[in-house]
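The values are calculated or read from the model by the stated rules, or taken from the named source; none is laboratory data. Because the structure is predicted, anything quoted here is derived from the model rather than measured. Please note: Cβ atoms are built from the backbone with ideal geometry, for glycine as well, and neighbour counts cover all protein chains shown. Remember, those area values only see protein heavy atoms, side chains included, never the ligands or the DNA or RNA. Shrake-Rupley method; radii C 1.70, N 1.55, O 1.52, S 1.80 Å.
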Amino acid sequence: MDPVENLEDRMCLKHDKPLELFCRTDQTCVCMLCTVLDHKMHNVVPLKQECEGKKVELQKTEAETQEMIQKRRLKIQEVQHNVKLSEEDADREKAEGVQVFTGLKESVERKLNELITTIEEKQRSTKKQAEDAIREMEQEISDLMKRSTEVEKLSLSEDHLHLLQSVQSLNIHHPPPTKDWSQVSVPPASHEGTVRRAVSQLEETLRNMMKTLVEVEMKRVQKFAVDVTLDPETANHDLILSDDGKQVKPAQVEQQRLPYNPQRFSFCPCVLGTQSFSSEKLYYEVQVKQKTEWDVGVTRESANRKGPITLSPQNGYWTIYLRNGNEYGAAGPSVLLSLRSVPQKVGVFVDYEEGLVSFYDVEAAALIYSFTGCSFKEKLLPYFHTGHYLGGKNSAPLIISPVGVN
């Protein structure tokens, strides 16, 4: 054998012979004597043969280790990239926040200045009107006092001829022209409603700002648009689905009973999307015009689909709804919604990680409602409720629309 260091480590401690073989049965190195004594009938091979096999295993292990290292390096890059995106998003949001609130502050200050100016101008006008009236009355008082002095002086005169001549010139039966002040009034300036009107104007400014913000927000969430199609395996038997899986409407008459399917809604006119989602953001749009009843939203995969269903986040349903043609609300416990416009198309956005479900009036570019702080622990599915036919009043279909197409 070739010279080696630490020869004693390569010798069998029991037989003092070189360790030249490997016992696969006991997974240990042995000498020739071991194979005929302690390891008799065991699976024994030369060290070189075993080493070649181990090298193959080591190479496989090394490859797996390198793959694991690479995956973690890629994950680090992904996390770093997400942190960078988060920082960029945070910077953008802060910049927009500063811009919006600066504009809001300027609007408030401008409206306040306009309010103060309006009140002060009205007060100045009232004060000038009063001052002009006072000045005119004081002039009349001065003229009347002068006449009173002359009358009093004549009344005390003992010169009969002078008195009579002066009375004629004084014309006591015709006093100097004066204004009838009985119908003249300078009431205190009324400022009732001034503040309310200013606040109303500010509200209009805020609505316009909010509309602009929602438009920007919608452009962002629409980037996460997904292709949703309806799953016939989940559709209630009283629903009619289009061949392309993009439309669903209530049937005019009761449809043929379908075979039992644990995935199918047995009682309510509901259907789910085929695609399920988790750990991601998604957005889709549903046309709801000409309908008097509908629900749209998302549901967790394991939510109950049999019998009457109570829609609530606790039961795994995050939805908004329309009832009786004009009653809008959000699921459970029911929250009534007051909308400025009638939605023709509803946008549904889900941020799985953030625990957020938001609904938008697409055409009005308005936020309808948001569920926040949700805890999603399983896959989510798009959810659609058509309502019943109602004698044709609610016959229009729900239509999954291409995003960005009006």
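Some observations on this one:
- Single residue of segment 256-271 satisfying the filter (over 31 Å from the mean Cα position of the chain (by Cα) and among the polar types (S, T, N, Q)) that is most open to solvent (accessible area, probe 1.4 Å): GLN256
- Some residue of segment 318-334 being in a loop (DSSP other than H, G, I, E, B), buried (at least 20 other Cβ atoms within 10 Å of the Cβ) and not aliphatic (A, V, I, L, M): no
- Picking from residues in segment 281-310 that are part of a loop (DSSP other than H, G, I, E, B) and among the β-branched types (Val, Ile, Thr), the one that is surrounded by the most Cβ atoms within 10 Å (Cβ to Cβ) is VAL288.
- Residues of segment 181-202 satisfying the condition of being open to solvent by 90 Å² or more (accessible area, probe 1.4 Å) and modelled with pLDDT of 75 or more: ARG196, ARG197, GLN201
- Residues that are surrounded by fewer than 16 Cβ atoms within 10 Å (Cβ to Cβ) and assigned to a loop (DSSP other than H, G, I, E, B) within segment 238-255 comprise SER242, ASP243, ASP244, GLN252, VAL253, GLU254, GLN255, listed in sequence order.
- Positions within segment 366-382 being within 12 Å of the chain's Cα centre (by Cα) and either in a strand (DSSP E or B) or over 21 Å from SER334 (Cα atoms) (or both), in sequence order: ALA366, LEU367, ILE368, TYR369, SER370, PHE371
- Boolean, THR65 is closer than 30 Å to GLY193 by Cβ and of a type in the set (Ser, Thr, Tyr): no
- Within segment 350-365, the set of residues being out of contact with any Phe, Trp or Tyr (no Cβ under 6 Å at 6 or more places or on another chain) and within 22 Å of LYS289 (Cα to Cα) comprises TYR360, ASP361, VAL362, GLU363, ALA364, ALA365.
- Odd one out for LYS179 among (1) free of Cβ contacts under 8 Å to residues at least 40 places away in the same chain; (2) assigned to a loop (DSSP other than H, G, I, E, B): (1)
- Looking across PRO382, PRO397, PRO402, one residue alone is closer than 16 Å to VAL288 by Cα and exposed (fewer than 15 other Cβ atoms within 10 Å of the Cβ). It is PRO402.
- In the set GLU158, GLU131, GLU140, GLU152, only one residue is surrounded by 13 or more Cβ atoms within 10 Å (Cβ to Cβ), of a type in the set (Asp, Glu), out of contact with any Asp or Glu (no Cβ under 7 Å at 6 or more places or on another chain) and farther than 30 Å from GLU203 by Cβ; that residue is GLU140.
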